[in-house]
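Notes follow once the structure below has been shown.
The values are calculated or read from the model by the stated rules, or taken from the named source; none is laboratory data. Predicted model only: the values in this text are computed from it and were never measured. Glycine gets a Cβ as well: all are built from the backbone with ideal geometry, and neighbour counts include every protein chain shown.
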Amino acid sequence: MERGYSWDTGLTRKLNEDSIFCGIFDIMTHLGTASAGLFVVADGMGGHDAGEIASDLALKTFCSECISALLARADAGPLSLMADAFKKANDTVLTAAKERSLEGMGTTLTASLVLGQEMYVAHVGDSRCSIINSRETLQVTKDHSVVQHLIDSGLITPDEAMVHPRKNEITRVLGYYPDTLPDLLQVKLYAGDSILLCSDGLCGVLPAERISEVVLGSRSAAQACRELTAQANLAGGPDNISVIIARPENLPSWQAMMSVQTSIGVA
């Protein structure tokens, strides 16, 4: 599985409060060997360095719990494992936030677990996971934000959301409430798919069309990440910029799968 990543402070922030994880590994047990990819973006928030602590704690806890569970609970569903890891991460940030200097800190967390042709996603906040290919750009996650609610209500358009004065207000975040639940999603992958995870330092600055153009026009995932970061900075770099791109290999083609489904339907 090809992958690339970029982690940049941007042009206006003094500190990078994002945390990312980009891991590709083989799981070898008595049940056999399976290749897996785990990709996570967390965008922290809070006063005086607390944001970077929240994202760091949440990401490390989530990844540790998720990978351990994959090995120890091979019979459990991936989304169940991710939900449990998410709760542990939320509890860890909540506990740390009891310290006065860290009060009020929180973080987004968007995670993608790739197992063969299946991608499993756990998500809270306004970081994003998308699938980009020559046919379409599919935004897998939905932002938990004020402007997304306004879009869903038909009050503003996605273009208007990019410049809306409340664009940075998040309605669901990890580390604020003990009962915060992630959105859990499962998506099939096909040959030619690029998986993009990013913080709003990218998707809140560059339009989706431009992001897709760069991903599709780049020779490698690493080059695409560098180019996207550069363009976000050229657009002002108002926030930290985290980008992960993964390109799974040896997947069935979308055309072949559609042909099989059509044949079955006709029969």
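The set of residues in the range 36-91 being outside any helix (DSSP H, G or I) and of a type in the set (D, E, K, R) consists of Asp43, Asp49, Arg73, Asp75. Residue count for the range 153-199 satisfying the condition of being at pLDDT 90 or above, in a loop (DSSP other than H, G, I, E, B) and among the basic types (Lys, Arg): 1. The selection criterion, being buried (at least 19 other Cβ atoms within 10 Å of the Cβ) and either touching a strand residue (DSSP E or B) at 6+ places or on another chain (Cβ under 7 Å) or within 20 Å of Gly46 (Cα to Cα) (or both), does not hold for Ser101.
Suppose we keep only residues that are surrounded by 13 or more Cβ atoms within 10 Å (Cβ to Cβ), small (Gly, Ala, Ser) and without any contact (Cβ under 8 Å) to a residue 40 or more places away in the chain within the range 70-98. Which one would you say is nearest to Arg3 (Cα to Cα)? It comes out as Ala85. A search for C-beta distances below 6 Å between a residue of the range 214-225 that is over 11 Å from Arg247 (Cβ atoms) and any residue that is at pLDDT 95 or above and outside any helix (DSSP H, G or I), counting only pairs 6+ apart in sequence or on different chains, returns Cys225/Gly4; Cys225/Tyr5; Cys225/Ser6; Cys225/Val243; Cys225/Ile245. Within the option set Met119, Met162, being hydrophobic (A, V, I, L, M, F, W, C) and in contact with a Gly (Cβ under 8 Å, 6 or more places away or on another chain) holds for one residue only, Met162.
Scan the range 153-161 and tell me whether some residue there is surrounded by 13 or more Cβ atoms within 10 Å (Cβ to Cβ) and farther than 30 Å from Arg247 by Cβ.
Looking through the range 153-161, at least one residue is surrounded by 13 or more Cβ atoms within 10 Å (Cβ to Cβ) and farther than 30 Å from Arg247 by Cβ.
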